[in-house]
1. Check whether at least one residue in the range 167-174 is open to solvent by less than 60 Å² (accessible area, probe 1.4 Å) and among the acidic types (Asp, Glu), and report yes or no.
2. Inside the range 248-292, can you point out the residues that are of a type in the set (D, E, K, R) and not in a loop (DSSP other than H, G, I, E, B)?
3. Taking strands (runs of 3 or more DSSP E) that fall entirely within the range 1-62, which contain at least 3 residues that are modelled with pLDDT of 50 or more and closer than 27 Å to Leu204 by Cβ?
4. Picking from Ala159, Ala205, which residue would you name as being in a loop (DSSP other than H, G, I, E, B), open to solvent by less than 30 Å² (accessible area, probe 1.4 Å), of a type in the set (Gly, Ala, Ser) and modelled with pLDDT of 95 or more?
5. For residues that are closer than 13 Å to Gly48 by Cα and assigned to a strand (DSSP E or B), scanning just the range 77-108, find the one that is least open to solvent (accessible area, probe 1.4 Å).
6. Does the range 260-282 hold any residues that are open to solvent by less than 90 Å² (accessible area, probe 1.4 Å) and of a type in the set (S, T, N, Q), and which are they?
7. Return the only residue of Ala224, Ala145 being among the small types (Gly, Ala, Ser) and surrounded by fewer than 17 Cβ atoms within 10 Å (Cβ to Cβ).
8. Only one residue in Ser229, Ser188, Ser151 is buried (at least 20 other Cβ atoms within 10 Å of the Cβ) and of a type in the set (Gly, Ala, Ser), so which one is that?
Amino acid sequence: MLTRLRSFATLSRATLAFACALFVAAATPIKPDFLSGLTWRNVGPFRGGRISSATGAIGEPGTYYVGLPAAGVWKTTSAGQVWYPVFDAVKEVSSVGAVEVAPSNANIVYVGTGDQVTGGVINEGNGMYKSVDAGKNWKRIGLAASKQIPSIVVDPRNADVLLVAAQGDLHAKTDTRGVYRSTDGGTSWTKTLYVNDSTGVQKLASAFDRPDVVYATTVLHYNAPPPPSGVTPQGGRGGGAGAVGPTATMVFKSLDGGVTWKELSGGGLPRLSGRTSIAVAMNTNAQRVYLITNNG
């Protein structure tokens, strides 16, 4: 069964490599020799630049969308043989941080604008967008002040229920950060996780077979303005390990689909700092979780 391709972390390569095919056995393991003929190859898009996110359409083999920090959203219906841009009609913003097809309805696609800060480049967005016709037309659905949206999770049982990770404004302390939840397809939003005015949410993750179990990671997302000329700053600036203030990189877990959250600590978790990514393995009752940190 061809399943959707998810990005586990920001892809720093200029183009995206797709597998010739991706098979997942839900009931029984696949023999290694069955997959031995698969090889990775570069299928583009070759003019899009760095890719920030990728998603596939369940039930439509070969259909994928990719989001790009400076080139909108591109789509393929041929498993990468041909790509075409589908976000160019949106003139106000071109930076995309997250794109997600609703698992239960391939016509519904959500896009979060504003890519995560990378290499000193600031690609701000103006909120969330939604398509109900597989990328032909787009409508803005709020969260404009979130500035950068690096992750989206859509409930596989209901295309109208989704969670959005909001980084917030890098240059201002604001409360427009955290996890936002919608149960009406983005018509209205409720903030369900908020740490403080300087900490944004970086990554959301869940498994299709246990969608009520959701994980979220946070990161410091505020750069204090430079001091006046001749004044020595006290401590480091925001956005990195030398930032002023308490540790902002944390892991949270929800057991009710993102309505309430609890911070995780101990149990072997190292002291966290900087950027992270997290993923939940299918068919493990949401018990197997992988976390990448600045330490590996």
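1. Start the filter on the range 167-174 by keeping residues that are open to solvent by less than 60 Å² (accessible area, probe 1.4 Å), which leaves 167-170, 172, 174.
From what's left, among the acidic types (Asp, Glu): 169.
Yes, because at least one residue in the range 167-174 is open to solvent by less than 60 Å² (accessible area, probe 1.4 Å) and among the acidic types (Asp, Glu).
2. Initial filter on the range 248-292 (of a type in the set (D, E, K, R)): 253, 256, 262-263, 271, 275, 288.
Result: Lys253, Lys262, Glu263.
3. Numbers: elements: 17-19, 40-42, 53-56.
Strands (runs of 3 or more DSSP E) meeting the threshold: 53-56.
4. Details: Ala205 fails: in a loop (DSSP other than H, G, I, E, B).
Only one candidate qualifies: Ala159.
5. The qualifying residue least open to solvent (accessible area, probe 1.4 Å) is Val96.
6. Within the range 260-282, Thr260, Ser273, Thr276, Ser277 qualify.
7. Working: Ala224 fails: surrounded by fewer than 17 Cβ atoms within 10 Å (Cβ to Cβ).
Going through Ala224, Ala145 in turn, just one is among the small types (Gly, Ala, Ser) and surrounded by fewer than 17 Cβ atoms within 10 Å (Cβ to Cβ): Ala145.
8. Numbers: Ser229 fails: buried (at least 20 other Cβ atoms within 10 Å of the Cβ); Ser188 fails: buried (at least 20 other Cβ atoms within 10 Å of the Cβ).
After applying the criteria, what remains is Ser151.
The values are calculated or read from the model by the stated rules, or taken from the named source; none is laboratory data. What you see is a predicted model; the values in this text were computed from it and never measured. Cβ sites come from the backbone with ideal geometry, for glycine too, and all protein chains shown count toward neighbours. Just the protein is used for accessible areas: all its heavy atoms, side chains included, with ligands, DNA and RNA removed. Shrake-Rupley method; radii C 1.70, N 1.55, O 1.52, S 1.80 Å.
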